[in-house]
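Below you'll find the structure, written out as structure tokens, and then a few comments.
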Amino acid sequence: MTPTPTQDTRGSGALAALAALGRGGTATVALLLALIFAGIATQNPSFFEGPPLMAFAQKAAPLVVLAIGQYLVIVSGEFDLSVGSLVGAQVVVAARLIDGREDMTLPVIGLMMLFGLAVGLVNGLVTTLLRVPSIITTLGTMLILFGAVRYWTGGAPTGALSESFRAFGRRGIEGVPVLGEIPWALLIALVLTVGAVLCMRSPFGRSLVATGDNDVAAAFSGVRVWRVRTMAFVGSSLMATVAAVLIGGYAGVTAQVGDGLEFTAITAVVLGGVVLGGGRGTVVAAVLGALTLEALFTLFTQFYLPSTFQPSVQGLIIIAAVAYAARRGDLRLPERLRRRPDHPTERSLGTSRR
């Protein structure tokens with residue numbers, strides 16, 4: 001029987017989708033996640049029962065959200081080192097403003113979103129319009145937020161988060177058969193993941209990838225490079241704000257909240273096969289990278305390894321991922337220390353990265 005044109009189109013579309021997933025690192029990181037889950041199961045056979053699995057998902061949700069935001073910036077060819085300090089600042093300031101009052105929950109969450117939007121705009125505009133390398137811009141923002149919060153609180157966070165605020169990170173839909181409770185954090189992470197996948201399939205998402213792949217060619221094709229990259233920074237800061245709500249609900253308020261999260265998010269993204277320097281990788285791969293990293297930390301706990309071992313593992317993962325990409329020839333300069341074009345005619349095609 002000769003296949004119809006519709007069948008041929010559907011078959012080739014499915015094969016193309018599978019090939020794209022493989023190129024984006026999704027298959028590799030999914031296999032790695034399965035292997036780590038198998039290792040956890042050997043140490044804790046009850047891990048895949050409903051409540052323990054939901055507890056893992058609840059703990060991993062903030063990192064998944066941060067990885068989505070970091071993905072947007074990295075795939076556009078930039079870095080965002082400010083998300084850890086932004087998370088810490090948002091949680092500490094929210095606790096002080098709410099101070100346990102339920103009626104302040106929604107206004108403070110709205111203020112947090114506006115603050116995240118402002119931080120993302122500053123990072124994006126300084127990087128794109130003032131031509132400051134993003135690694136420098138966001139490093140400066142990280143230090144500013146860190147110092148400002150310490151100065152405002154005197155080094156010791158005060159106040160308290162309300163119960164309705166903490167519900168997003170520590171509560172869920174109760175009474176679910178088998179699972180017991182579906183955490184709100186998991187549902188929020190799922191919604192944001194689906195939204196990010198749809199976004200990357202939109203014209204904006206294609207422009208974002210094209211900008212990271214070759215910003216000169218993207219500019220010649222009509223993409224406003226500065227606007228696309230600025231929106232990526234805004235998305236990263238908004239994701240960090242959502243993660244702050246989840247982390248504040250799950251872990252509470254401490255002076256160390258948010259410390260090192262920027263490097264954990266970058267590790268998760270590169271573990272998912274997203275190429276530093278932009279233009280390669282998928283949202284699904286970045287999310288799976290976050291889950292794999294959280295599962296790896298869980299496995300460390302099963303083997304009674306100290307938490308201080310985790311930064312060393314993150315460093316090894318980043319080096320290995322960059323070395324692998326460089327060996328394949330996929331690696332680009334993560335930060336071009338050069339003048340970025342506002343218009344294609346501002347520089348010749350001879351300086352293109354490809």
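The values are calculated or read from the model by the stated rules, or taken from the named source; none is laboratory data. It should be emphasised that the depicted structure is a prediction, and the values quoted were computed from it without experimental measurement. A quick note on method: Cβ atoms are made from the backbone with ideal geometry, for glycine too, and the neighbour counts reach across all protein chains shown. These area figures cover heavy atoms from the full protein model, side chains too; ligands, DNA and RNA do not enter into them. Shrake-Rupley method; radii C 1.70, N 1.55, O 1.52, S 1.80 Å.
The table for this structure:
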read-out	value
Charge dipole of the chain about the Cα centre (unit charges at C-beta), most positive-ward option of 232, 158, 178	232
Label-point separation in nm, residue 323 to residue 256, each point 7 Å along Cα→Cβ	2.9 nm
Solvent exposure ordering (accessible area, 1.4 Å, most first) of 224, 131	224, 131
Unit charges at the beta carbon, dipole of region 48-142: most positive-side option, 92, 54, 130	130
Using a Förster distance of 51 Å, the FRET efficiency for residue 301-residue 117 (Cβ separation, nearest 0.05)	0.90
Candidates 280, 101, 229, ranked by Gaussian network fluctuation over the chain, Cα under 10 Å, top entry	101
Ranking by accessible area, most exposed first, for 178, 313 with a 1.4 Å probe	178, 313
In nm, spacing of pseudo-spin labels at residue 199 and residue 106 (7 Å Cα→C-beta vector)	2.4 nm
Size of electric dipole in the chain: Cβ of Lys, Arg +1 and of Asp, Glu -1, about Cα centre, debye, nearest 20	1180 debye
Where a label projected 7 Å from the Cα of residue 152 along Cα→Cβ would reach, residues of region 61-84 with amide N under 19 Å	82-84
Residue 231 - accessible surface, heavy atoms, 1.4 Å probe, Å² rounded to 10	100 Å²
Dipole magnitude of region 170-221, debye to nearest 20 (Cβ charges: Lys/Arg +1, Asp/Glu -1, about Cα centre)	80 debye
